[in-house]
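Student: Have a look at the structure that comes next, please.
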Amino acid sequence: MFTTPQEAEQAFYEALRQADLNLMMRVWADDEEVVCIHPGGMRTIGHDAMQSAWQQIFANGPVTIHPIRPMIMTSVMNSIHVLIEQITVATAQGEKSAHCYTTNIFSKGPAGWKMILHHASHAPQDAGLFDLQDRPGTLH
């Protein structure tokens, strides 16, 4: 059981780093109302479809993703996390990196905090360094 949405999110990224399908599926709500959208991919809807999609992804091995610059909005029953993912992949030419803008939504239920949506889309390569307008210094 994840007692905070941050614990659930940490487990999500750990499951990616370990290609651990069991841990990944413990993060997701056991519900047909869950949605996952990968960059350039189709929507995956429902728990069984989600498990099948992650199984295919993990067949290629671990995924190195580092979440950075989170903006978190939490209420009593929901938590929305908007962040940048730094993705690193090994290629014949060496390691390559990419960035995604990501939204993770968690819902609190009897089994603790669970993910109900993960939506990632391509971001500019320098998003992690120069995407500063998302954090205003002063609110008026």
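Student: For the stretch 10-26, which residues satisfy the criterion of being within 14 Å of the chain's Cα centre (by Cα) and either polar (S, T, N, Q) or within 11 Å of residue 117 (Cα to Cα) (or both)?
Tutor: Selection gives 10 alone.
Student: Considering only the stretch 39-56, I want to know if a residue exists there that is touching a helix residue (DSSP H, G or I) at 6+ places or on another chain (Cβ under 6 Å) and within 17 Å of residue 5 (Cβ to Cβ).
Tutor: The answer is no; no qualifying residue exists.
Student: Of the residues in the stretch 17-31, how many are aliphatic (A, V, I, L, M) and under 11 Å from residue 63 (Cβ atoms)?
Tutor: Residues meeting the conditions: 2.
Student: For the list (1) of a type in the set (Val, Ile, Thr); (2) under 12 Å from residue 115 (Cβ atoms); (3) in contact (Cβ under 8 Å) with a residue 40 or more places away in the chain, I need the number of the one condition that residue 68 fails.
Tutor: Every condition holds for residue 68 apart from (2).
Student: Just one of the numbered conditions (1) surrounded by fewer than 16 Cβ atoms within 10 Å (Cβ to Cβ); (2) touching a Gly at 6+ places or on another chain (Cβ under 8 Å); (3) under 15 Å from residue 119 (Cα atoms) is not true of residue 80; which one?
Tutor: In the conditions (1) surrounded by fewer than 16 Cβ atoms within 10 Å (Cβ to Cβ); (2) touching a Gly at 6+ places or on another chain (Cβ under 8 Å); (3) under 15 Å from residue 119 (Cα atoms), residue 80 misses (2) alone.
Student: Also, quick follow-up: Quick check on residue 7: is it closer than 21 Å to residue 112 by Cα and out of contact with any helix residue (DSSP H, G or I) (no Cβ under 9 Å at 6 or more places or on another chain)?
Tutor: When the stated conditions are applied, residue 7 passes them.
Student: For the stretch 55-87, which positions are touching a Cys at 6+ places or on another chain (Cβ under 8 Å) and of a type outside the set (D, E, K, R)?
Tutor: 84, 87
Student: In addition: Being buried (at least 16 other Cβ atoms within 10 Å of the Cβ), among the β-branched types (Val, Ile, Thr) and within 22 Å of residue 111 (Cβ to Cβ) is true for just one of 74, 44. Which residue is that?
Tutor: 44
Student: Here's another thing I want to ask about it. Condition check: surrounded by 12 or more Cβ atoms within 10 Å (Cβ to Cβ) and touching a Leu at 6+ places or on another chain (Cβ under 7 Å). Does residue 37 satisfy that?
Tutor: Judged against the criteria, residue 37 is not a match.
Every number in this text was worked out from the coordinates using simple rules, so none of it is lab data. On a predicted model such as this, the values are computed, not experimentally measured, just so you know. Ideal geometry is used to build each Cβ from the backbone, glycine not excepted, and the neighbour counts take in all protein chains shown.
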